[in-house]
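The values are calculated or read from the model by the stated rules, or taken from the named source; none is laboratory data. Please read all numbers here as calculations on a predicted model, not as lab measurements. In this analysis, Cβ positions are derived from the backbone assuming ideal geometry, glycine residues included, and neighbour counts consider all displayed protein chains. Areas reflect the complete protein model, heavy atoms only, side chains present, ligands, DNA and RNA absent. Shrake-Rupley method; radii C 1.70, N 1.55, O 1.52, S 1.80 Å.
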Number of protein chains: 2
Amino acid sequence: MGLVIDRLIDKIKEMNNPTVMGLDPRLEYIPNFIKEKYSTESEDYVYNIIMEYNKLLIDNVYDIIPAVKPQIAFYELYGIPGMKAFKDTCTYASKKGMIVIADIKRGDIGSTAKAYSNTYIGKVMIDGELKTMYDIDMTTVNPYFGIDGIKPFIDDVKGFDKGIFILVKTSNSSSGEIQDLKIENGKTIYEEVGTLVEKWGLDVIGKYGYSSIGAVVGATYPEQLRELRKLMPHIFFLIPGYGAQGGKAEDIALGFDENGLGGIVNASRSLMCAIKSDLWKDKYTEEEFYLAIREEALRMKEELTKSIELRKKA
Amino acid sequence: MGLVIDRLIDKIKEMNNPTVMGLDPRLEYIPNFIKEKYSTESEDYVYNIIMEYNKLLIDNVYDIIPAVKPQIAFYELYGIPGMKAFKDTCTYASKKGMIVIADIKRGDIGSTAKAYSNTYIGKVMIDGELKTMYDIDMTTVNPYFGIDGIKPFIDDVKGFDKGIFILVKTSNSSSGEIQDLKIENGKTIYEEVGTLVEKWGLDVIGKYGYSSIGAVVGATYPEQLRELRKLMPHIFFLIPGYGAQGGKAEDIALGFDENGLGGIVNASRSLMCAIKSDLWKDKYTEEEFYLAIREEALRMKEELTKSIELRKKA
C-alpha cells in the first residue's frame, strides 16, 4: 500500500487538491448554533462543542480535501477536555479517510524526543503492551536540537510508516531572526536545515520521488519556496501561511515541481471562518455556514490548481 | 512579594541549594511497591501510579529542593491520564511551596505561541471567564521562530508574574549541529540567541539583578556556560545535563556569578532512579527508596554548593 507520503500524494492527485484543512477550534470560532445545543454547566461542554464543530468541518470537506491538520496548541488550550477532543478528532478524520497531520512542533533531547515521537506517531509501552495513543499519520518537528531531536521521529517514520515535516522556513514575520542568519559557508540557517532534511529524507523515498520526511516552508516567503524546491528535490512541503497570513496562490506554486507535485497547503482560518458575517452574533444558519466552507474550499482548490498548472508550463 | 525569579532565588538561598528536581514519571521508573497497590484493570491505574510516585518524590525533598521540573513529554506519553497527572502534579508541588518549572519547550507562530503561553503560564478565556489552566510558575520556550514565538510568553511573564527559560545551548550531543553554526558576524547561533535573550530580559529584572526571562544552557558544555554567563549577565540559567547526561559540578559552577547565583541545576534520573538496585525486580523497600533519594539530593546539594563556593573565590 506504499508509504504514507504516497498515500498522501495519491489522495491529492485523486481529489486534484493540494489542500490540508487546519483544525484550530478556538471556542470563539464555534458557531452559536452548536453552542446552544449544550449546557455550559456540563463538564463535557468544551469537549462537546469542539467535537461537533470539528465533525461539521470534516463532514463538509472530506470528499474534496485530502488531509486535516489539527494544531495541538488549540486543544491543549482547553486542558483535559481539549486533549480528549484532539484525540477523538484525529480518530474521526482518520475514519473518514483523511490523512491526519498533527501540528505539534515538538523538539527536545533524544530521550524526550523519543517520548514525543512514540506518543504521536509511534507506540507506547503501558503495562507490557505496546499501545497506539493517537490516530495520526504525520507530525511536525522542531530542528533546534539537531539530529538527536529528529532521530527518534525518523525511527518511528520507518518503524510505523509515518511521516514528519521538519520546520525549515516558517511563515511568521520574525522567522528570519534565526532562520535567515547567514553562516560562514554562505548559506542561511534555513538552507543548512533544508540540506540536512534532504539528506535525512533519502532513506524513505516513495513512488513519486518524495520522502516521508518532509519540511515546513511558509507561503509567505515565495523566494525561499522557489529556492528550497531546488535545494530539496525529494522533500515534500507542508506550506502554511496561505490566506489569512498573506501567502498567495502564485507564490505557493513556486514550491511545486514540473509534475505539479511537491507540497500541501494549509488553510485554517480561511476555511474555519469562511462565513464572513459577525461570528459572535451568529447571524447565519447551519446551512449557510456549511455552504460558505464548501465554497471557500472549492475556490481555494481552483485557485491553487490553476497556479500550479501555470507553474508547470513555466 | 517580588518577581517569580526573586522568589526562586530566595528559595535557592534559603535552602542553599540550586537544584530543581525533574519529574519524568516513566512507568518503568515507578517502584513495584506503588504499582502493587492499584489494579491494572482500573481506568485510573496510570494516573494513580504516576501521582503516587510524584507525591512520594515531592514529599521527600520539598524541604531541601526549591523547585520541580515536570517534563510534559513524559505525561503526554500516557495520553489523557498522563495529562491529568501533569496538571495535578503541578498543583501538588505548588501547594508544597515549590516553584514549578514546566518543561514544555513549545515554539510556534505568534497566534499559536499565544495559545501555548495562555495555557501554561497565562489565562484562558472559556465561556466568558478567564481561567488558570495549570499551577505553573515558569516554563521553557523554543526560539526557532524568533520574537513572534517568544513575545506572547513575555506578555504573560509580565501580565501574570511568570517566568520563562528560552533554549540557548541545549545539553544534547548534537546541539551544535544548528546551535554552534557560526554566522557572518563571527558569533554562533547560540551566542546570537543568547544576545537576544539578554535584550528581551532587561524589562523584567528582579532584586538580584536577574530577569524572569531566563535561558536553558546545558551542563554538558562548560566552555559555553562560562562564555554565556559573561554574555548574559542578567539571565538566569536553567541547567540540564547534570549527572546521567555527564555534566559535572565544577563545569556547572562556570554558569554562576561572583555571588554564587545565576542558575538552577536539573536532576531527573539521578534523583528518580537514586536507588541503584534492579528497578524492575524492585528488591527494595519503600523506606530504602525514600532514603536513597534524600541521600542523593543532599549529596548533590553538597557537591554543587562546594563547587559554586570555589568558583566564587576563583
TODO: Kindly provide the chymotrypsin sites (Phe, Trp or Tyr not before Pro) of region A:19-71 that DSSP labels as loop, not H, G, I, E or B, and whose Cβ sees at most 16 other Cβ atoms within 10 Å.
DONE: A:TYR38
Task: Using θ = phi - 60° and Karplus 6.51 cos²θ - 1.76 cosθ + 1.60, couplings along region B:283-290 (whole Hz; Gly, Pro as x) - done: 8, 8, 8, 4, 5, 4, 4, 3
Open item on the list: Taking A:ASP203 in one copy and the same position in all the others, each labelled 7 Å out along Cα→Cβ, what are the pairwise distances from the first, in nm, shortest first?
Closed with: 4.3
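If I take every Cα pair under 8 Å that is 6 or more residues apart in chain B, average their sequence separation and divide by the length, what percent do I get for the relative contact order?
Relative contact order comes out at 18 percent.
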Open item on the list: Can you give me the C-alpha center-to-center distance between region A:10-25 and region B:194-251, rounded to a whole angstrom?
Closed with: 44
Task: For B:GLY214, residues with placed amide H under 5 Å, excluding near neighbours - done: B:ILE164, B:PHE165, B:ILE166
Open item on the list: Only four residue types carry charge here, +1 at the Cβ of Lys and Arg and -1 at the Cβ of Asp and Glu. Report the dipole size of region B:139-286 about the Cα centre in Debye, rounded to the nearest 20.
Closed with: 260
- [ ] Convert 25 °C to kelvin, take the viscosity as 0.890 mPa s, use the Kirkwood radius over C-alpha pairs of the protein assembly as shown as Rh, and evaluate the Stokes-Einstein diffusion coefficient in µm²/s, rounded to a whole number.
- [x] 98
Task: Inter-label distance, nm, simple model (7 Å from Cα along the C-beta direction), A:LYS13/A:SER39 - done: 5.3
Task: Positions from region B:23-62 whose accessible area shrinks by 30 Å² or more when the full protein complex is built, not the chain alone, probe 1.4 Å - done: none
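What is the average number of partner chain Cβ atoms found within 10 Å of a Cβ in A:111-124?
4
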Task: Average projected area [Cα convex hull, chain A], square nanometres - done: 16.7
Open item on the list: Could you identify which residue out of A:ILE12, A:ILE109, A:ILE58 has the top mean-square fluctuation in a GNM of chain A using Cα springs shorter than 10 Å?
Closed with: A:ILE109
TODO: Pop out the ³J(HN,Hα) list for region A:302-314 in order, Karplus 6.51 cos²θ - 1.76 cosθ + 1.60 with θ = phi - 60°, rounded to Hz; leave Gly and Pro as x.
DONE: 4, 5, 5, 5, 5, 5, 5, 5, 4, 5, 4, 7, 6
Task: Total charge dipole magnitude, region A:4-313, about the Cα centre, Cβ charges on Lys, Arg, Asp, Glu only, Debye to nearest 20 - done: 560
Open item on the list: Quick check on the protein assembly as shown: of the DSSP beta bridges with both residues there, what percent are antiparallel, nearest 5%?
Closed with: 15
Open item on the list: If you roll a 1.4 angstrom probe over the protein chains with everything in place, what fraction of the accessible area of the protein assembly as shown belongs to carbon and sulfur, to the nearest %?
Closed with: 50
- [ ] Quickly estimate the mean residue ellipticity at 222 nm for chain B, helices only: each DSSP H run with n ≥ 4 gives -39500 (n - 2.57), and the total goes over all residues, rounded to 500.
- [x] -13500 deg cm²/dmol
Open item on the list: Out of all DSSP beta bridges in region B:161-266, what portion is antiparallel? Express it as a percent rounded to 5.
Closed with: 15
TODO: Provide an ascending nm list, one decimal, of label-point separations from B:PRO233 to the equivalent residue in each further copy; define each label point as 7 Å from Cα along Cα→Cβ.
DONE: 5.4
TODO: Would you mind pulling out the separation of the Cα centroids of region A:254-314 and region A:137-183, in Å?
DONE: 26
Task: At least 30 Å² accessible surface lost relative to isolated chain, residues of region A:174-191 (1.4 Å probe) - done: A:SER174, A:GLU177, A:ILE178, A:GLN179, A:LEU181, A:LYS182, A:ILE183, A:GLU184, A:ILE189
- [ ] Of the options A:GLY149, A:ASN60, A:ILE189, report the single residue whose Cα projects farthest towards the positive end of the charge dipole of the protein assembly as shown (beta-carbon charges: Lys, Arg +1; Asp, Glu -1).
- [x] A:ILE189
Open item on the list: If you count only protein heavy atoms and use a 1.4 Å probe, how large is the accessible surface of B:LYS312, to the nearest 10 Å²?
Closed with: 80
Task: Size of charge dipole - the protein assembly as shown - debye, nearest 20, with Cβ of Lys, Arg +1 and Asp, Glu -1, no other charges - done: 820
TODO: Roll a 1.4 Å probe over the protein heavy atoms and report the accessible area of B:GLU287 in Å², nearest 10.
DONE: 130
Task: Contact surface A-B: accessible area buried, both sides summed, square angstrom, 1.4 angstrom probe - done: 5300
- [ ] Scan around B:GLY107 for amide H atoms under 5 Å from its own, H built in the peptide plane at 1.01 Å from N, and keep only partners 5 or more places away or cross-chain.
- [x] B:ASN142
- [ ] For region A:203-212, just list the computed ³J(HN,Hα) in residue order, Karplus coefficients 6.51, -1.76 and 1.60, θ = phi - 60°, integers in Hz, with x standing in for Gly and Pro.
- [x] 6, 10, 8, x, 5, 8, x, 9, 8, 6
- [ ] Choose one of A:TYR38, A:PHE86, B:SER39: the residue whose Cα lies farthest towards the positive end of the charge dipole of the protein assembly as shown (beta-carbon charges +1 Lys, Arg; -1 Asp, Glu; about the Cα centre).
- [x] A:PHE86
Task: Under-5 Å amide H pairs with A:GLY22, H placed in peptide plane, nonlocal only - done: A:LYS69, A:ALA267, A:SER268
Open item on the list: If each label sits 7 angstrom from Cα along the C-beta direction, how far apart, in nm, is A:THR285 from its counterparts in the other copies?
Closed with: 7.5
Open item on the list: Mean-square fluctuation check for chain A, GNM, Cα pairs under 10 Å: which of A:THR139, A:THR112, A:THR220 is largest?
Closed with: A:THR112
Open item on the list: Over chain B, with a Gaussian network built from C-alpha contacts below 10 Å, which listed residue (B:SER268, B:SER174, B:SER117) shows the highest mean-square fluctuation?
Closed with: B:SER174
Task: Greater than 27 Å apart at Cα, pairs in A:LYS95/A:LYS313; A:LYS95/B:LYS105; A:LYS230/A:LYS313; A:LYS84/A:LYS207; A:LYS55/B:LYS114; A:LYS230/B:LYS182 - done: A:LYS95/A:LYS313; A:LYS95/B:LYS105; A:LYS84/A:LYS207
